[in-house]
1. Expressed in whole Å with the largest first, what are the equivalent ellipsoid semi-axes of the protein assembly as shown derived from the C-alpha gyration tensor as the square root of 5 times each eigenvalue?
2. Under a plain spin-label model, where a point goes 7 Å from the Cα along Cα-to-Cβ, how far apart in nm are residue B:23 and residue B:270?
3. Which of A:129, A:182, B:20 comes first, and how do the rest follow, when ranked by fewest Cβ neighbours within 10 Å?
4. Kindly provide the helix-only [θ] at 222 nm of the protein assembly as shown, computed as the sum of -39,500 (n - 2.57) over DSSP H runs of four or more divided by all residues, to the nearest 500 deg cm²/dmol?
5. Where the centre of each part is set by its Cα atoms, how far does the range B:132-170 sit from the range A:217-265, in angstrom?
6. Which percent, nearest 5, of DSSP beta bridges in the protein assembly as shown are antiparallel?
7. With 10 angstrom as the radius, rank A:263, A:211, A:94 by how many other C-beta atoms surround their C-beta, starting from the fewest.
8. Just the number, please: Stokes-Einstein D of the range A:151-258 in µm²/s, Kirkwood Rh from C-alpha pairs, 4 °C, 1.567 mPa s.
């Protein structure tokens, strides 16, 4: 009988030994009763999301954990972030990350983030969404704060264009240039779009309100990270699984949407430190009632890593253990295979991602237990799963769920 | 001084924890004194025959264990099974699995296995072997019971044709159709062969005997699983080794013949639960006297796994340990490197192959011992060999046998 699969990914889970914690990692010092119980009754190991020592992004790692080869399908952050903010992006579309910015009359940058604008960005975005430049249709959505996503759809587009964002204050905005002859049209359309957007934005009521409030206006859109949306096989068809995801962060939601996972909305799941982990756990268990596969991601540990706060990282891991893993220990269906891992390490001392492997545990009927009784980077080294790669995980889980097809006879 | 190599493969060796065995595997509960002795005096590890989580067939796995890349050389079961029943198959030949079947006058299936015919199949096969259709030579051999192998040799053949076996009783036999324009000739020859075979078979004395005994006649040949025989480098040349194999099962004998291993016949070695393991052990030790490399495979554990019989699996492993491994412990040449592993797991609860890794032990002069004192799936997790893949095994064994060439200077 085929089993269901619940894959839990803690963003930035792994860490390095920290002097102030007695040369232990935040996960080692955190009291994680429920994670330890799953480890004691399952199998542990180390996972290199991409390959040993390769420092992954959350996007490339999630692609690998879902069984895709990032080398073959990852075309930059822009396309996945556009999908994450809800643009119905399609293969061949060219997507950009965009910033609201403030420029002077000579298009010199006054503020690359338009005063970290928060209010009214949906209305600003709506005024640009649907513009047409030549035969190219423009799609535009606001993201969080000053961030936005821009997508071009039309014939003959190519992402090999330079950033219009000069990446520094006081610099003059650069017209986009083609880095390849095939991208001349895209550069021309991008430059024309930017002029049209400027004309629309300077007259926009949101900016009139900002002038009245003495705030920097959002009178230009800066672009970077152009990428073409790749042809991706859809996860449900690829693995013959009904599948859903519980994830708060736009980039991860975009990855999930892009491969055909149904992205569930969970009230209180913010992608922040204040996220309602219990609600996410309940949503995942509920989703498993009618799906073969559920992915649940939690962003909080990564935020503590980027902020360099090991004590906070240990504390949030304890809260995740209590609220999320405690719920799963009580309510996980008997026929489910559970995997818990990270998408990468975010060591507090480095304040950024690293290529250190992350711990992995797999729990469920038929899993060979291995004598490991704790869930952390060091205990996992002695686990029975050994050291595997992100792309190995889906085959391992499908096989334990009795869903693998025989290769040969 | 270069050493000799004995590679022992227990088919379907690995398993999953079984409730009735106290959440242990059959190999864990089996008393295997000699295997444990080899483990205690050697090195252990886990082996993924293909890759983590990939569920191998015995054919793809044996290819990998012998150092071949199944992705590059595995073209389906037909060609290797044809080699296994003794057809001298060559690159470019197209091979089919074949069944003796009973059809009515309208070629509707009465019995897909001709009453599981056993008697006289060699004589039936001889009447088809050597037929010529257009410029194609037909080779035909009987296998066990209703099974047979059909091979076409000639110019312009292509395996992309449909099965003539409708795969269900009462259905009408389908003419072969080309799935690709290059396969038109193969489909035409196959259909012509089937008519000629029918004409020969209806008049055959074996069928006259069956009619007299009121048994279903074998008056047609159903085909499926067409495959072209791949270009394979020959094992003895590839590794500069004289090499032989002791194996009872046609498919594995076929794999071995296909890569140039001399397949030894051992009286009493049946490929069944009743196989004479002691005779196989003696044959392997004898063969090592004049060869650099011997492969010995034992089918019995896989049969117990497919039947879902964990106690029988443990018992047959104990008998193998006593009769085969006991002999090797006493008689293995001092200068031999011994490896013991499985070609895949066949968990009794699943009753089919799985992608769970199998235990591996390597014993011999120069092997670094690792403190592991038992041979089973869980003890092997702590072994010094870590977790390697099937294709890594030959390089490891060649190196321990002091037969590796330096890569670089």
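Each reported figure results from applying straightforward, stated rules to the coordinates on display, with no laboratory input. Computed from a prediction, not measured in an experiment: that's the story for all the values here. Glycine also receives a Cβ, built like all others from the backbone with ideal geometry; neighbour counts cover every protein chain displayed.
1. Numbers: eigenvalues 655, 249, 113 Å².
Taking √(5λ) for each Cα gyration eigenvalue gives 57, 35, 24 Å.
2. So the two model labels end up 3.8 nm from each other.
3. Values: A:129 17, A:182 13, B:20 10.
With the fewest neighbours first, A:129, A:182, B:20 line up as B:20, A:182, A:129.
4. Numbers: 30 runs with 258 residues, N = 818.
-8500 deg cm²/dmol, from helical runs alone.
5. Answer, in whole Å: 48.
6. Numbers: 72 of 122 bridges.
DSSP beta bridges in the protein assembly as shown are roughly 60 percent antiparallel.
7. Values: A:263 19, A:211 10, A:94 29.
Ranked by crowding around the Cβ, least crowded first: A:211, A:263, A:94.
8. Working: Rh = 17.1 Å.
Roughly 76 µm²/s, to the nearest whole number.
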